[in-house]
Amino acid sequence: MSDSGYAIDVHGLNKHFGSKHVVKDLSLQVRKGEIFGFLGPNGSGKTTSIRMMCGLLTPDSGTGQCLGYELVRDADAIKRNVGYMTQKFSYWDDLTIRENLDFVARIYQMPNRREVVDRTLENLGLTTRASQLTGSLSGGWKQRLALAACMLHEPQLLLLDEPTAGVDPSARRDFWEELHRLAARGISVLVSTHYMDEAERCHKLAYIAYGQLLAQGTAAEVIAGQALSTWAISGDNLSSLSQALHGLPGVAQTVVFGGALHVSGNDDALLETTLREAIAGKPLQMTRVATGLEDVFIYMMNRSSDNFGPPP
Amino acid sequence: MMRWPGFSVARWWSIVLKEFLQLRRDRITFGMIVGLPIVQLALFGFAINTDPRHLSTAVIAAEHSEFTRSYLAALRNSDYFDIVATLPDEAAGRQALAQGRVQFVINIPAGFTRKLLRGERPALLVEADATDPAATGMALGALNLIAQSAMRKDLTGPLARLQAGPAAYDITVHRLYNAEGNTQYNVVPGLMGVILTMTMVMMTGLAMTRERERGTMENLLATPVRPIEVMTGKIIPYVAIGLIQASIILLAARFVFHVPFMGSIAAIYIAALLFIAANLTVGITLSSLAQNQLQAMQLTMFYFLPNLLLSGFMFPFRGMPQWAQFIGNLLPLTHFNRLIRGILLKGSGLAELWPSLWPLLLFTCVVMTVAVKFYRRTLD
């Protein structure tokens, strides 16, 4: 194995399912100890990409390394050193919590199995419920258990596929604190998510839509990369204003955020002129705001969907 | 800990343990394991019977004599006939038959005894409900025999000359073991193979597809566990189940159906193990083809039916056309039926069993190869 300083370093990964090109020329670098957010709309190829990285799917083309191991050739070594948390809870509902952890410890041939399982149960705070059937746990507990189980063999890289889907905000916050503790210990994390607050907690981000990687970098870099300026308009009847603004010069997108309408565009001067004309004489205020991640993501998603059609 | 390239006993054992734990919690499956042999035994062993007895019978007796009384007593003793009614006349007899209240009406005409004593061979009129010929055939055969033996007892002294009756009473009801007949001796051992086929193929099929359907297969595939470890680890508990089922059937065969045990018990278990292995490989192959548990069930039925129909279990093997015999010879149940009947009923040894043994071995090896090839290591 070679040491490149990257936990994940893949180039030009492609994957087809039948005639569908699910992942197109994906190149991605995740540094060691980094929390890397993987964002994109549903069906954009996030799960497929993650599965290729942990050896569950064979890429049609492309090369890469995980923890210095070659993707296809060293699939076994990758499986031993990577922790993968599936999108859907995939531990056994008809085993107890302890039995599930014990099974995982056996599969990875942990020498101090009992000790590891006991410690994990204790850390989870599930020692008293160890003999409860896993199927009876709530969503938040299942998610915590799944993270603990995929961490059991002390992997150096975690691949988490939408780990917080359907989990309440406080459990999500706890989960992210745990991720940052792991990262501080030098463990690299690739996590896919739909939540903007989570995206902002990542060290780095990648945005993928329709199989194509559209942006990569820190949150600030991703935002800067799209060179959008954004104005917030507040007042009444924002929905009809939103309709009216569509297609006007300089307006790229309008998004309602709570009590304000965010209007973004590439040409700041043109956008400002258009907006001032549009709200003239109406009881509305407009202020320049910093373009947020969500503005950028929606912008990128809309743009890429224009290019996405049936194959010629 | 034993280790060789690729295979880890520790990992394999973890799969075995997990399967046992899950099996223990799955009460319906557990119930089926025990229930299936018992229900099938009851159905095929007791319910389905081509030599039915205790058929309801009515008697119209126009006269009462020592002869008629002893004849009716003999009928009652034969097990074939339960005399449920004594009717006044033929019209009442016809009605009882039409309504299905009785299967037979035995009419003893007036003057029967007088004619008998004169040696005039009087006729007993027997009307049978022959809607199902198979149900009445055997009993009708017995009727003649009963008459003959009842008369022989009464026709003593000066009447003994009448015993030299015509040779028409030569229908034999008491049948010896017949390899191609459908007696319990034949059916009950055959059931072992049928039940093992059903359970083994279905259980493994379901166990593998269940992992896929619940998404846990993705988890398994992401661990270092190897296909051969998953497959064989999942199989072990079902081998144990198969042996339990075989034992249930053997116990029933011995103590409920009184099937003779001519051969060795060890030979039976070796044959059973081999047959279980053959079916488990089929189950795993089918589970690789099936996308979900429902499909696994359908494929099981698809595999099970020809086994049931063409293996010689349902119908005599040699009675089938050539093409059906050819297909039958490809199926493991055919060979297992020959093995188990050979061991139990004929006490066959290895030399006699070998022609049925090697096809089973070959089948297992071929299908196992296919199964390993089909097992998906990735989610592709």
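Every number here is computed from the coordinates shown, using simple stated rules; none is lab data. What you see is a predicted model, and the numbers here were worked out from it, not measured in a lab. For neighbour counting, all protein chains shown are included, and Cβ atoms are generated from backbone atoms with ideal geometry for every residue, glycine included.
Before moving on, here are some points about what is shown:
- Qualifying residue in the stretch A:20-41 (condition: more than 18 Å from A:LEU213 (Cα to Cα), assigned to a loop (DSSP other than H, G, I, E, B), within 14 Å of another protein chain (Cβ to nearest Cβ) and out of contact with any Gly (no Cβ under 9 Å at 6 or more places or on another chain)): no
- Some residue of the stretch A:149-163 being loosely packed, with under 14 Cβ neighbours inside 10 Å and either within 12 Å of chain B (Cβ to nearest Cβ) or in contact with a helix residue (DSSP H, G or I) (Cβ under 7 Å, 6 or more places away or on another chain) (or both): no
- Residue within the stretch A:265-282 that is free of Cβ contacts under 8 Å to residues at least 40 places away in the same chain and part of a strand (DSSP E or B) present: yes
- Restricting attention to the stretch A:126-137, the residues that are more than 13 Å from chain B (Cβ to nearest Cβ) and among the small types (Gly, Ala, Ser) total 1.
- The stretch B:192-216, subset part of a helix (DSSP H, G or I) and without any contact (Cβ under 8 Å) to a residue 60 or more places away in the chain, residue nearest to the other protein chains (Cβ to nearest Cβ): B:THR216
- Flag if B:LEU250 is farther than 18 Å from B:VAL282 by Cβ and surrounded by 22 or more Cβ atoms within 10 Å (Cβ to Cβ): no
- Odd one out for A:GLU177 among (1) out of contact with any strand residue (DSSP E or B) (no Cβ under 8 Å at 6 or more places or on another chain); (2) in contact (Cβ under 8 Å) with a residue 24 or more places away in the chain: (2)
- Total residues in the stretch A:84-125, condition facing another protein chain (nearest Cβ under 8 Å) and either among the basic types (Lys, Arg) or in a loop (DSSP other than H, G, I, E, B) (or both): 12
- Members of the stretch A:102-150 found to be within 21 Å of A:ILE78 (Cα to Cα) and of a type in the set (Val, Ile, Thr), listed by number: A:VAL104, A:ILE107
- Scan of the stretch B:291-305 for residues that are touching a residue at least 24 places away in the same chain (Cβ under 8 Å), surrounded by fewer than 16 Cβ atoms within 10 Å (Cβ to Cβ) and within 22 Å of the chain's Cα centre (by Cα), ordered by number: none
- Every residue from the stretch B:225-275 that is more than 22 Å from B:THR369 (Cα to Cα) and not in a helix (DSSP H, G or I): B:VAL256, B:PHE257, B:HIS258, B:VAL259, B:PRO260, B:PHE261, B:MET262, B:GLY263, B:SER264
- Among the residues of the stretch A:20-44, just one is at positive phi and surrounded by 24 or more Cβ atoms within 10 Å (Cβ to Cβ), namely A:GLY40.
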